[in-house]
Amino acid sequence: MVTFQKDTLEYEYSVLEPYIDKETMQIHYEKHHQAYCDKLNAALESIDKDPQTLEEIFETISEYPTGVRNNAGGVWNHNFFWKSMCENGSTLSDEFKSKLEESFGSIEKFEEEFTQKALNQFGSGWAWLIKLEDGSLQITSTANQDNPLMRDVVEISGTPLLGVDVWEHAYYLKYQNKRPDYVKAFFNVVNWEEVERRYNK
Ligand code: MN3
């Protein structure tokens, strides 16, 4: 059986400050993300499937118990989230900027729509920018730790390009109940180079 582990964090906990604080990063990575790994590995022990990758689990997610769905999502989503951010954010290329403008009208409108999705996600979940099969961009959200790659359970499926964690544990220490301030701050640390790399893959 494969033991799933979280990816190594490629930067120090403090580099996303003042937007995402060091303490939140540390607890989020060391405690929350680790807990998803541990619970996923435990949940897989009690079933007779032997998936080799998280994506393999996602492909037929409805055949797995809820514990696997929640925790496999938790492991994948956080690996993805850490790589979606970098110190001071990275610059949007002209090409991808045009792509966003074409899809949403302007960068500001993209940010507005993405923020609205993040704010309207009731309770815990994620807001996403995804790529559909025809190459077009769409903004969506998922509940809990669901992921747009879980085709048989999500409303809109696609390839995730950017995601923001809107569970309270992602922002409560610094922003308390002010999710809008957290999402606004998130845009300062988006790693657009990584987003674009995902789009072109
Ligand atoms: Mn989280």
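The values are calculated or read from the model by the stated rules, or taken from the named source; none is laboratory data. For clarity, every value in this text was computed on a predicted model and none was experimentally measured. Ideal geometry is used to build each Cβ from the backbone, glycine not excepted, and the neighbour counts take in all protein chains shown.
Values computed for the structure shown
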{"quantity": "Residue tally, condition polar (S, T, N, Q), more than 16 Å from the ligand (Cβ to nearest atom) and part of a loop (DSSP other than H, G, I, E, B), over the stretch 142-167", "calculated": "1"}
{"quantity": "Pairs, first closer than 16 Å to VAL68 by Cα and of a type in the set (Asp, Glu) in the stretch 129-146, second outside any strand (DSSP E or B) and modelled with pLDDT of 95 or more, C-beta under 8 Å, six or more apart", "calculated": "ASP146/ARG69; ASP146/GLY73; ASP146/VAL153; ASP146/VAL154"}
{"quantity": "Any hit, the stretch 75-94, residues being charged (D, E, K, R), closer than 15 Å to LEU161 by Cβ and either surrounded by fewer than 19 Cβ atoms within 10 Å (Cβ to Cβ) or modelled with pLDDT of 95 or more (or both)", "calculated": "yes"}
{"quantity": "Top-ranked residue in the stretch 39-53 [being aliphatic (A, V, I, L, M) and either under 16 Å from the mean Cα position of the chain (by Cα) or surrounded by 18 or more Cβ atoms within 10 Å (Cβ to Cβ) (or both); ranked as farthest from the ligand (Cβ to nearest atom)]", "calculated": "LEU44"}
{"quantity": "Pairs where the first residue, in the stretch 45-69, is in a helix (DSSP H, G or I) and the second is of a type in the set (Asp, Glu), C-beta under 9 Å, 6+ apart", "calculated": "GLU59/ASP152; ILE61/ASP146; ILE61/ASP152; SER62/ASP152; GLU63/ASP152; ARG69/ASP146"}
{"quantity": "Qualifying position, being at pLDDT 95 or above, of a type in the set (Ser, Thr, Tyr) and away from the ligand (no atom under 12 Å from the Cβ), among TYR64, TYR36", "calculated": "TYR64"}
{"quantity": "Residue list for the stretch 168-187, restricted to those being in contact (Cβ under 8 Å) with a residue 60 or more places away in the chain and in a loop (DSSP other than H, G, I, E, B)", "calculated": "TYR171"}
{"quantity": "Pick from the stretch 168-181, criterion within 12 Å of the ligand (Cβ to nearest atom) and aromatic (Phe, Trp, Tyr), ranking: nearest to LYS117 (Cα to Cα)", "calculated": "TYR171"}
{"quantity": "Residues satisfying the stated conditions in the stretch 1-28, i.e. outside any loop (DSSP other than H, G, I, E, B), of a type outside the set (Val, Ile, Thr), surrounded by 14 or more Cβ atoms within 10 Å (Cβ to Cβ) and in contact (Cβ under 8 Å) with a residue 60 or more places away in the chain", "calculated": "HIS28"}
{"quantity": "Hey, ALA72 within 27 Å of ASN177 (Cβ to Cβ), of a type outside the set (Val, Ile, Thr) and either within 16 Å of the ligand (Cβ to nearest atom) or exposed (fewer than 14 other Cβ atoms within 10 Å of the Cβ) (or both) or not", "calculated": "no"}
{"quantity": "Residue selected from the stretch 182-191 under the condition among the hydrophobic types (A, V, I, L, M, F, W, C) and more than 16 Å from the ligand (Cβ to nearest atom), by the criterion nearest to GLU133 (Cα to Cα)", "calculated": "VAL190"}
